[in-house]
Amino acid sequence: MRRVLRIPDLGGACAAILHRPHDVVTALTRQLEAIGLVVNVYWPELPVSGRGADYLFLDVDIGYDEQFPWPSGKAPMPTIALIGSEAPGRIEWLMNIGADAQILKPVGHAGVYSALLIARATFDARASLADEIDSLRRRLGQRQTVVRAVTLLAARGKTEEEAYAQLRGMAMAWRISFEDAAERIVADHNGNKESDNG
Amino acid sequence: MSRKIDLGLLYSRSGNYALIGESCRIGALKAVADVNADPTLDLTFNVVERDPEGNVDAYAPLCEDILRSSDARHVVGCVTSSSRKEVIPALERADGALWYSAPYEGFETSDRIVYTHACPNQHLLPLLDFAFERFGMRGYLIGSNYIWGWEMNRLARDVLQRAGGAVLGERYLPLGSVEIGRMIDEIRDLRPDFVLNQLIGPSQYAFLQAYGELGRVESHFLPENCPVLSCNLTECELPAIGAAADGLISAGPWFRDCGDSPFGRGFGSSFEASSYSAVIMLARLLNCQKGSDALSLPQLLAMPMARTLGISPTTHHTTLPVVIAQAKGGAFQVLHRESPIAGDPYLTRRRAQRRMSLRLVQ
């Protein structure tokens with residue numbers, strides 16, 4: 001499928017740079033300000049207030065897990081890795097911390113704008129993929145409930161096919177998902193059983 | 001005692017866009033003559049010129065040659081975006097700066113370049129606003145196969161879709177190709193409200209010729225119903241196009257005899273005016289202090305004089321007026337004019353301003 005790039009609104013967006021004072025920071029800041037972002041530089045640790053940034057640039061050369069106020073791989077914003085040393089150990093650290101785009105050091109006259117666009121698109125795609133996986137997992141977990149609901153409906157003298165159709169009809173009438181309808185039927189049945197017992 | 005400063009000149013005098021290169025060159029040389037005759041300036045320019053002859057691969061070596069074989073640190077030159085991108089590494093290696101005086105598609109802010117002509121918030125966006133109001137929101141997009149056409153049309157597509165308009169079609173031609181038959185047939189079938197034209201050189205000339213003939217056969221394609229729009233057509237190419245250019249609507253900072261640039265008057269085209277102002281702005285910046293010819297471009301632009309001249313030290317783009325004009329009988333007549341606005345190469349500031357005004361209304 002052809003992907004259409006959604007260009008994020010970068011005017012007035014906040015970029016946090018986690019890097020010691022260096023030419024890299026000067027070059028990054030120049031490019032970011034030319035694009036229209038507001039820049040904050042932090043070192044050595046990103047304070048909790050840094051969570052509010054829209055983009056995070058992090059130094060891979062001397063970065064470490066404790067710099068971030070979130071667990072490894074759980075950055076709440078798109079991240080861009082600043083890579084100097086290509087030693088495998090550093091790349092391994094980066095893979096764990098996670099990054100949505102990268103820029104090689106030294107930082108020159110360009111590269112930041114495309115990194116911002118790629119990081120935003122990758123971050124958003126990752127987030128929507130995670131949502132989709134969550135919802136698939138939930139539906140997978142509800143499969144057993146669907147089987148139970150159909151069995152309950154079929155127990156009232158319907159064929160399995162008719163029971164499925166009835167469940168689908170209920171879901172539509174209640175305007176909820178097929179799985180949620182099944183859950184409601186099973187819960188109703190359990191509730192009735194309890195009151196019968198009581 | 002006046003200082004003699006070498007100044008590089010890098011325009012193509014032959015090839016696909018020779019007319020534009022020539023127009024830029026005339027403006028730059030005129031400015032050099034004016035600077036050299038100006039007793040209020042403590043410097044004169046000595047031109048060091050190379051001609052890439054429209055060959056994109058000749059720009060970088062010739063630019064480096066200027067910077068290495070002379071004392072020049074500033075080069076005025078390049079017309080196409082491809083040639084501008086090519087010279088950047090040469091500027092970095094040989095520690096030089098480029099004054100770029102052609103309209104371009106934006107999304108660049110090299111700290112080695114000053115952009116003295118318009119970018120999309122100064123040409124394409126006002127032109128589309130104008131066209132939406134007068135002609136409608138169904139556009140057909142054409143262009144030459146390189147970054148200018150691709151990116152300008154991408155932006156136009158984006159603007160059209162956001163505004164609720166439609167892109168009826170989009171077609172490209174290789175540089176120099178005059179195979180415009182398919183475009184014309186498709187436009188004839190689809191009957192758009194306007195044609196946005198990013199063709200350059202002979203392709204553009206052939207298209208305008210054929211489109212003019214189409215208009216004579218079917219009145220829908222006359223300029224008052226479905227005009228051709230352009231962001232880089234100026235007076236310097238009108239003689240090559242002749243009557244076929246009549247009715248074309250173009251956007252630019254200046255047109256001949258339609259308002260003065262802040263640095264002078266009587267220019268043949270906005271290319272000429274923009275190259276002229278590039279050289280004059282450089283002279284005024286260098287005039288500010290002794291040893292200024294050894295300063296880097298960011299250092300020069302950090303001086304208060306840069307803002308006075310309309311150059312942003314943050315984006316290296318200039319503040320320019322917006323004029324929309326229509327070609328008629330070898331000249332342009334103004335249809336619409338907007339006050340000068342700062343170049344916004346990433347289109348981030350315009351939106352921020354709009355958001356701010358919305359907040360004020362609330």
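Structure data summary
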item	result
So residue A:50, is it touching a Leu at 6+ places or on another chain (Cβ under 8 Å), within 14 Å of another protein chain (Cβ to nearest Cβ), buried (at least 18 other Cβ atoms within 10 Å of the Cβ) and free of Cβ contacts under 8 Å to residues at least 40 places away in the same chain	no
Of all residues making up segment B:89-113, the number that are within 13 Å of chain A (Cβ to nearest Cβ), under 28 Å from residue B:340 (Cα atoms) and aliphatic (A, V, I, L, M)	3
Number of the condition not met by residue A:128 [criteria: (1) under 20 Å from residue A:5 (Cα atoms); (2) surrounded by 12 or more Cβ atoms within 10 Å (Cβ to Cβ)]	(2)
Index of the failed condition, residue B:348 passing every other in (1) free of Cβ contacts under 8 Å to residues at least 60 places away in the same chain; (2) touching an Asp or Glu at 6+ places or on another chain (Cβ under 9 Å); (3) away from every other protein chain (no Cβ under 14 Å)	(3)
Residue B:179, sole failed condition from (1) under 22 Å from residue B:254 (Cα atoms); (2) more than 14 Å from chain A (Cβ to nearest Cβ)	(1)
Selected residue (only one of A:62, A:35 is facing another protein chain (nearest Cβ under 10 Å) and among the hydrophobic types (A, V, I, L, M, F, W, C))	A:35
Single condition residue A:153 does not satisfy, out of (1) farther than 30 Å from residue A:23 by Cβ; (2) exposed (fewer than 14 other Cβ atoms within 10 Å of the Cβ); (3) in contact (Cβ under 8 Å) with a residue 12 or more places away in the chain; (4) not aromatic (Phe, Trp, Tyr)	(2)
From B:168, B:199, residue being of a type outside the set (Asp, Glu), crowded, with 23+ Cβ neighbours inside 10 Å, within 25 Å of residue B:105 (Cβ to Cβ) and out of contact with any Asp or Glu (no Cβ under 7 Å at 6 or more places or on another chain)	B:199
Residue count for segment B:239-257, restricted to those that are crowded, with 16+ Cβ neighbours inside 10 Å and closer than 20 Å to residue B:336 by Cα	12
Selection from segment B:1-32 of residues that are assigned to a helix (DSSP H, G or I) and over 19 Å from residue B:70 (Cβ atoms)	B:18, B:19, B:20, B:21, B:22, B:23, B:24, B:26, B:27, B:30
Residue that is part of a strand (DSSP E or B) and in contact with a Pro (Cβ under 6 Å, 6 or more places away or on another chain), where the choices are B:168, B:141	B:168
Tabulated pairs, segment A:1-15, first more than 12 Å from every other protein chain (Cβ to nearest Cβ), second part of a strand (DSSP E or B), C-beta under 6 angstrom, 6+ apart or interchain	A:14/A:38; A:15/A:39; A:15/A:55
So residue B:97, is it more than 19 Å from the chain's Cα centre (by Cα) and closer than 26 Å to residue B:61 by Cα	no
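Only the coordinates and a few stated rules stand behind these numbers; no lab work does. As the structure is a computational prediction, the values presented were derived from the model and not from experiment. Ideal geometry is used to build each Cβ from the backbone, glycine not excepted, and the neighbour counts take in all protein chains shown.
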